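**Student:** Here's a structure for you.
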Amino acid sequence: QVQLVESGGGLVQPGGSLRLSCAASPSIFRIKTAGWYRQAPGKQRELVAAIRSGGTTNYADSVKGRFTIYRDNAKNTVYLQMNSLKPEDTAVYYCNAMLVLNDYWGQGTQVTVSS
């Protein structure tokens, strides 16, 4: 079992940056794939970015070149660096961890991009 706690959301102006953190306990090493998803009001949850244990990553087309996902094994944390934020990035962002047999979700963190 893995517990995930997200942080780093908030209100930011268009063009600004935020870094989301997903702290995994007891350890990040059992996580095969870690991902960030988002869900805007009235829309389905969508994959934003994912990183595998070997380090390979993939991104939604809408965030390529603006968002970066990376993991710090020493801190048991997965990050999502978000730059050049747009109003359409506004959503609740969720961390997901896929293990061999199960996957787990964090509680979500709100990101609002508005002037």
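The values are calculated or read from the model by the stated rules, or taken from the named source; none is laboratory data. Bear in mind the structure is a predicted one, so any value in this text is a computation, not a measurement. So basically every Cβ, Gly included, is an ideal-geometry build from the backbone, and we count neighbours across all protein chains shown. Please note that ligands, DNA and RNA were not included when accessible areas were found on the heavy atoms of the full protein model with its side chains. Shrake-Rupley method; radii C 1.70, N 1.55, O 1.52, S 1.80 Å.
**Student:** Between Met98, Thr56, Gly35, whose Cα lies farthest towards the positive end of the dipole of the chain when Lys and Arg beta carbons carry +1 and Asp and Glu beta carbons carry -1, centred on the Cα centre?
**Tutor:** Thr56
**Student:** Let's test this: bin the Cα-Cα distances of the range 1-73 at 5 Å from zero up to the farthest pair and state each bin's percent.
**Tutor:** Calculated over all Cα pairs of the range 1-73, the distribution is 3, 13, 22, 26, 21, 10, 4, 0 percent.
**Student:** Around Ala34, what is the net charge, scoring Lys/Arg as +1 and Asp/Glu as -1 over all other residues with Cβ under 9 Å from its Cβ?
**Tutor:** So the surrounding residues net to +3.
**Student:** If one puts a single equal scatterer on every Cα of the range 54-101 and applies the Debye formula without solvent, what log₁₀ I(q)/I(0) results at q = 0.24, 0.32 Å⁻¹?
**Tutor:** Rounded to two decimals, the profile gives -1.11, -1.42.
**Student:** What accessible area per residue, rounded to a whole number of Å², is obtained for the chain using a probe radius of 1.4 Å? Show your work: numbers first, answer last.
**Tutor:** On the way: 6120 Å² over 115 residues.
Normalised by residue count, the accessible surface of the chain is 53 Å².
**Student:** Translational D (Stokes-Einstein, µm²/s) of the range 23-62 at 37 °C and 0.692 mPa s when Rh comes from the Kirkwood sum over C-alpha pairs?
**Tutor:** Values: Rh = 11.5 Å.
Taking Rh from Cα pairs, D becomes 286 µm²/s.
**Student:** Under a plain spin-label model, where a point goes 7 Å from the Cα along Cα-to-Cβ, how far apart in nm are Tyr104 and Val5?
**Tutor:** Inter-label distance under the simple model: 1.2 nm.
**Student:** Rounded to the nearest 20 debye, what is the charge dipole size of the range 5-115 about its Cα centre when +1 sits on each Lys and Arg Cβ and -1 on each Asp and Glu Cβ? Show your work: numbers first, answer last.
**Tutor:** Numbers: 12 positive and 7 negative charges, 38 e Å.
So the magnitude is around 180 debye.
**Student:** Can you give the relative contact order of the chain as a percent, counting alpha carbon pairs under 8 Å and 6+ residues apart? Don't skip to the end; give the middle numbers.
**Tutor:** Working: 284 pairs, mean separation 42.7, N = 115.
Once divided by the residue count of the chain, the mean separation gives 37 percent.
**Student:** Using only the alpha carbons of the range 29-113, determine the length spanned along each of the three principal axes and report them from longest to shortest in whole angstroms.
**Tutor:** Principal extents (largest minus smallest coordinate, Cα): 34, 25, 22 Å.
**Student:** Give me the percent of the accessible area of the range 19-115 that comes from carbon and sulfur atoms, probe 1.4 Å, all protein chains in place.
**Tutor:** Ligands and nucleic acids excluded, carbon and sulfur give 49 percent.
**Student:** Restricting to the chain, what percent of DSSP beta bridges are antiparallel, rounded to 5? Can you show the working numbers first?
**Tutor:** Numbers: 39 of 42 bridges.
For the chain, the DSSP antiparallel bridge percentage is about 95.
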